[in-house]
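See structure below.
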Amino acid sequence: MRKLSNFRICCITLLWLLLCYLLIKGYHGINTRVALTIFFSGVIIFAPIYKQIKKRKE
């Protein structure tokens, strides 16, 4: 995976937030299915980012 700059991390986060907003709006609110989808997508998106930030500090 390429090294992520702070700008790229911000762009990825904003895109993920936009997709979460569209998902919530599409389902007309939050239910269990939407909450689990948001949670698991967050894990998939932010786990590699967290690992890379942790490496950067070492």
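With everything on Cα atoms, drop me the angle between helix 6-26 and the longest principal axis of the chain, reported from 0 to 90° to the nearest 10.
Between helix and principal axis, roughly 10 degrees.
How much length is gained if the chain between residue 53 and residue 18 is pulled fully straight, taking 0.36 nm per residue apart and subtracting their Cα-Cα distance, in nm to one decimal? Could the numbers behind the result be given before it?
Details: separation 35, 0.36 × 35 = 12.60 nm, distance 2.26 nm.
Gain in length upon complete extension: 10.3 nm.
Within 10 Å of each residue's Cβ, count the other Cβ atoms and sort 10, 20 from fewest upward. Kindly include the intermediate steps, with their values, before the conclusion.
Numbers: 10 11, 20 16.
Ascending Cβ contact count within 10 Å gives the list 10, 20.
Ratio of alpha-carbon Rg to the 2.2 N^0.38 Å globular estimate for the stretch 6-57, to two decimals, please.
On the way: Rg = 12.8 Å, N = 52, 2.2 N^0.38 = 9.9 Å.
Ratio of Cα Rg to 2.2 N^0.38 Å: 1.30.
None of the figures in this text is laboratory data; all of them are computed from the coordinates on show. Since the model is a prediction, treat every value here as computed from it, not as a measurement. Glycine gets a Cβ as well: all are built from the backbone with ideal geometry, and neighbour counts include every protein chain shown.
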